[in-house]
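*Asks:* Attaching a single structure in structure tokens format; questions to follow.
The values are calculated or read from the model by the stated rules, or taken from the named source; none is laboratory data. As the structure is a prediction and not an experimental result, all values here were calculated from the model. Cβ placement follows ideal geometry from the backbone for every residue including glycine, while neighbour counts extend to all protein chains displayed.
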Amino acid sequence: MAAPVMPDESGATTGGLPVRGGPRFRWSYAPWVAMAALMAGTIYQLRSQGRLWWCACGQLSLWSGNTWSQHNSQHLVDPYSLTHVLHGMLLCGLFAWLCPRLPFAWRLWLAVSVEAVWEVVENTDIVIQRYRAVTASLDYLGDTVTNSLGDILSFGIGVAIARYLGFWRSLGLFLVTEVVLVMWIRDSLLLNILMLVYPVDAIRAWQMVH
Ligand SMILES: [Zn+2]
């Protein structure tokens with residue numbers, strides 16, 4: 001009497017082929033492994049460009065509320081983190097439209113890749129010099145690595161919020177956040193882009209008064 005054939009880890013019952021979805025590696029982990037690699041690469045690149053780990057003041061506060069102080073873009077989160085939430089909402093919409101059939105985890109990875117490249121480019125010496133020359137950011141020396149990671153985290157939260165809210169409610173939240181930022185810090189994502197691409201003297205003068 002033959003013993004019942006049981007599947008085993010040697011692959012004997014699958015002709016020596018590896019069993020798909022077996023215990024060794026789940027493909028659902030792949031986007032998160034890729035995400036970790038992306039973060040490691042981003043940190044390495046920012047450090048190579050000379051960015052500091054943390055604000056030169058050395059205070060351990062994760063939050064910095066005064067955008068006109070030298071602590072801005074140096075701690076983990078500050079009012080500008082909200083502009084990165086808005087980036088996340090925009091790119092969530094863009095990638096949902098460009099590649100609707102891609103699993104969400106991979107779309108998130110793609111979007112975070114774009115944001116990470118933005119952070120690296122934003123913190124090259126060329127862009128830092130341009131910010132200082134044409135915007136109100138006279139003391140700006142580039143973001144710290146911690147702040148860039150906070151920006152990317154904020155971005156990921158923005159992607160999640162947009163996915164949860166859908167298009168119209170996201171659009172409403174986007175516009176409300178822009179208005180709140182303009183009233184709070186005299187800057188916003190749209191103003192920031194405008195002033196970088198096409199500086200307006202009257203807006204710069206208004207931003208300098210605080
Ligand atoms: Zn500081």
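*Asks:* Give me the residue from region 52-65 that is surrounded by fewer than 16 Cβ atoms within 10 Å (Cβ to Cβ) and within 10 Å of the ligand (Cβ to nearest atom) and, out of that set, modelled with the highest pLDDT.
*Replies:* This residue is W54.
*Asks:* Test N147 against the stated conditions and say whether it is touching a strand residue (DSSP E or B) at 6+ places or on another chain (Cβ under 9 Å) and either of a type in the set (D, E, K, R) or part of a helix (DSSP H, G or I) (or both).
*Replies:* yes
*Asks:* It is to be established whether one or more residues within region 113-122 are of a type in the set (V, I, T), in a loop (DSSP other than H, G, I, E, B) and within 18 Å of T42 (Cβ to Cβ).
*Replies:* Checked region 113-122: no residue is of a type in the set (V, I, T), in a loop (DSSP other than H, G, I, E, B) and within 18 Å of T42 (Cβ to Cβ).
*Asks:* Please go through region 116-130 and give me each residue that is within 14 Å of Y140 (Cβ to Cβ) and of a type in the set (A, V, I, L, M, F, W, C), ordered by number.
*Replies:* Correct list: I126, V127, I128.
*Asks:* Next up: Could you list, in sequence order, the residues of region 66-99 that are within 16 Å of the ligand (Cβ to nearest atom) and of a type outside the set (S, T, Y)?
*Replies:* Residues satisfying the conditions are N66, W68, Q70, H71, N72, Q74, H75, L76, V77, D78, P79.
*Asks:* Can you name every residue in region 144-176 that is charged (D, E, K, R) and without any contact (Cβ under 8 Å) to a residue 40 or more places away in the chain?
*Replies:* Scanning region 144-176 gives a single hit, R169.
*Asks:* Oh, and also: Taking interchain pairs and intrachain pairs at least six residues apart, which have beta carbon atoms under 7 angstrom, with the first residue in region 49-60 and touching a residue at least 60 places away in the same chain (Cβ under 8 Å) and charged (D, E, K, R) and the second more than 11 Å from the ligand (Cβ to nearest atom) and assigned to a loop (DSSP other than H, G, I, E, B)?
*Replies:* Pairs that qualify, where the first residue is touching a residue at least 60 places away in the same chain (Cβ under 8 Å) and charged (D, E, K, R) and the partner is more than 11 Å from the ligand (Cβ to nearest atom) and assigned to a loop (DSSP other than H, G, I, E, B), are R51/N123; R51/G142; R51/D143.
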